[in-house]
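Worksheet: the structure to be examined is printed underneath.
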Amino acid sequence: MFSLARTTLTASGAVMRPVLATAMAAPARSLNLHEYQSKELMQKAGLYIQQFGVAETPEEAEKVAANMVFDEGSEFVIKAMVHAGGRGKGVFTNGFKGGVHLAKTPEEVRELGLNMLGHSLVTKQTPAEGVHVGKIMVAEALDIDEEKYFAILMDREYNGPVLIASPQGGMDIEAVAEETPDAIMYEPVNINTGLTDEQLQRVVKFLKFKTETHEESAKEQIAKLYDMFLDVDATQIEINPLGTLETGRVLCFDAKVNFDPNAEFRQKDVFTMHDTSEDDPREVEAAKYDLNYIGMDGNIGALSTAPIALEGATPANFLDVGGGATEEQVEAALRIISSDTQVKAILVNIFGGIMRCSTIAKGLTSALESLNLDIPLVVRLEGTEVEEGNRILKESGFAITTATDLEDAAKKAVATL
Ligand code: ADP
Ligand code: MG
C-alpha cells in the first residue's frame, strides 16, 4: 500500500540518486519545478493563485513587492525557491531561521531577501549542507483560517491517480502520517471514467470544512487540479496547505508538482522550465547526451546497459547508456564517470544489441585517446560483434582488462583496488 511518507519522499527527490533499484524503476530523469513555476502552470489551468513575482536580488524583491496591488493592510509572503519542501521550518546556513516569511512593507521584503538570497537553506528534505537559494518568490499573503492537505499521486498499485486528503494539513503532515494515519484518506480514481461528483463529495466531507461554501470552493479547485494533473503528465501534485479563508474560499498556498519523465517529448514547455542549478552537475552533463547518471558513494565507476551489483565493491556511480548508444555517448559517459575523484576503477558492462560491441569498443578507445585515464578499466562486452569489439580493445594499445562475464568483470575490477 502507499503511504504518505512516499509522497513526501517523492517530493524531496532525495531517493532518486543513491539507489540503484530506483534507477531501474525510473530510468529517465525526474523533473522538479520551483513553486513559482508550478503556480504558473496552475494559473494556466484556471486555478486561483495569489499574485506573485520572483526575484534574484533584495532590490528586485523590493520592487516586486512595491508593484503589487492589493488591499491596504495586506501582507507579503516571501519564500526561498528550492526544490525541497519543509522550507517554513528550515534554517539558513547563516543562522537565519525559516525559508518562508511574512512582511508588511516592500522594505521589509528587501531585508528578508538579504538574509535569504545567496545563502543555503537546510530543511528536512535537503542534504545536510543545504541548498543554495538563488531566487525568492514574493507573493500576496492571505489570512489562512485552516490548513488542509491535498495531493494527487500516480499510483502503481491502483494503476492510476489517487487523491490523498487530510483535514490536518500544514507543516506537520509527516507527523500526521505517522501518528494519526486515519486522518488521511486515499481515493483512487479510474483514469478512464474520470473523477466523479461522489468522489469529490467524499473528499471534501473528509476534509471537514466549516461551511458548504468552503466545500463547493474546494471541489472546484480539486477538479481543476485533477484536470491539470492529466494535462501536464504529472506523477504528483501536492498542495500543502490547501488553505481556507473565512470568506469561504479555498486556495492552494503551496504546490509541489512532479512530472513523468517519459512524457518529456509532449511536455517540452514544462521540461524547459527546469532549473538545473540544484542538480548534480554530472547528471546535467550526462542528460545532454541522453545518458542517465546516478551518483553513489563507492569507488567503482559503472558504465552499463543494465544495473549491476558488484560483489565486494561499492559502485561510485551508475551510468546507463540505454539500448542505442552512439560512439559520442560512450565517450561522454567515460569522461563523466572518470571526473569523479572517488572513482578508483571503471567497469564497463555492455550488452550490445542495437548498439554493437564494435561501436562500444571504438567509443572507448577514442575516449581514451583524449582522456588520459590513469585508473584501471575493465570491460565486459556481450552480444552483437563481441569478438570484433574485444579485438579492437586488445589492439588499441591501451591497458584494458577484458572480462567474459559480469562476475569475472567485478572480480577483476575489485582486484585492481
Ligand atoms: P513549506 O511547505 O516548504 O514549508 P509553504 O509554502 O507551505 O512552505 O509555507 C509554509 C507555511 O507558510 C504554510 O503552511 C502557511 O501557513 C504559510 N503560508 C504560505 N503561503 C502563504 C500565503 N500566501 N499567505 C499566508 N500564509 C502563507
Ligand atoms: Mg507546504
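The values are calculated or read from the model by the stated rules, or taken from the named source; none is laboratory data. It should be emphasised that the depicted structure is a prediction, and the values quoted were computed from it without experimental measurement. Reconstructed Cβ throughout: ideal geometry from the backbone, glycine too, with neighbour counts over all protein chains shown.
Miscellaneous remarks
- Qualifying residue in region 104-112 (condition: surrounded by fewer than 21 Cβ atoms within 10 Å (Cβ to Cβ), within 16 Å of ligand 2 (Cβ to nearest atom) and of a type outside the set (S, T, N, Q)): no
- Criterion: crowded, with 17+ Cβ neighbours inside 10 Å and modelled with pLDDT of 85 or more - qualifying residue of V330, V348, V321: V348
- Residue list for region 154-190, restricted to those being assigned to a strand (DSSP E or B), out of contact with any helix residue (DSSP H, G or I) (no Cβ under 6 Å at 6 or more places or on another chain) and within 16 Å of ligand 2 (Cβ to nearest atom): I164
- Remark: pairs (first residue in region 136-152, under 23 Å from Y226 (Cβ atoms) and of a type in the set (F, W, Y); second residue within 6 Å of ligand 1 (Cβ to nearest atom) and assigned to a loop (DSSP other than H, G, I, E, B); Cβ separation under 9 Å; 6+ apart in sequence or on different chains) = Y149/G170.
- Considering region 34-85, the residues that are assigned to a strand (DSSP E or B) and farther than 18 Å from S277 by Cβ include one that is farthest from ligand 2 (Cβ to nearest atom), namely G53.
- Against the test of being out of contact with any Cys (no Cβ under 9 Å at 6 or more places or on another chain) and within 11 Å of ligand 1 (Cβ to nearest atom), the options M154, M171 yield a single qualifying residue, M171.
- Taking region 109-148 as the range and being under 28 Å from M68 (Cα atoms), within 22 Å of the chain's Cα centre (by Cα) and assigned to a strand (DSSP E or B) as the test, the residues that pass are S120, L121, H132, I136, M137.
- Qualifying residue in region 111-131 (condition: at positive phi and near ligand 1 (Cβ under 10 Å from one of its atoms)): no
- Screening region 66-109 for residues that are of a type in the set (F, W, Y), modelled with pLDDT of 95 or more and touching a strand residue (DSSP E or B) at 6+ places or on another chain (Cβ under 7 Å) and picking the one that is farthest from ligand 1 (Cβ to nearest atom) gives F92.
- Top-ranked residue in region 272-306 [being among the β-branched types (V, I, T) and touching a residue at least 24 places away in the same chain (Cβ under 8 Å); ranked as nearest to H83 (Cα to Cα)]: I294
- When A218 is tested against (1) crowded, with 21+ Cβ neighbours inside 10 Å; (2) in a strand (DSSP E or B), only condition (2) is not met.
- K89 being crowded, with 21+ Cβ neighbours inside 10 Å and within 14 Å of ligand 2 (Cβ to nearest atom): no
- Output for region 351-408, where each listed residue is of a type in the set (D, E), surrounded by fewer than 16 Cβ atoms within 10 Å (Cβ to Cβ) and assigned to a loop (DSSP other than H, G, I, E, B): D374, D405
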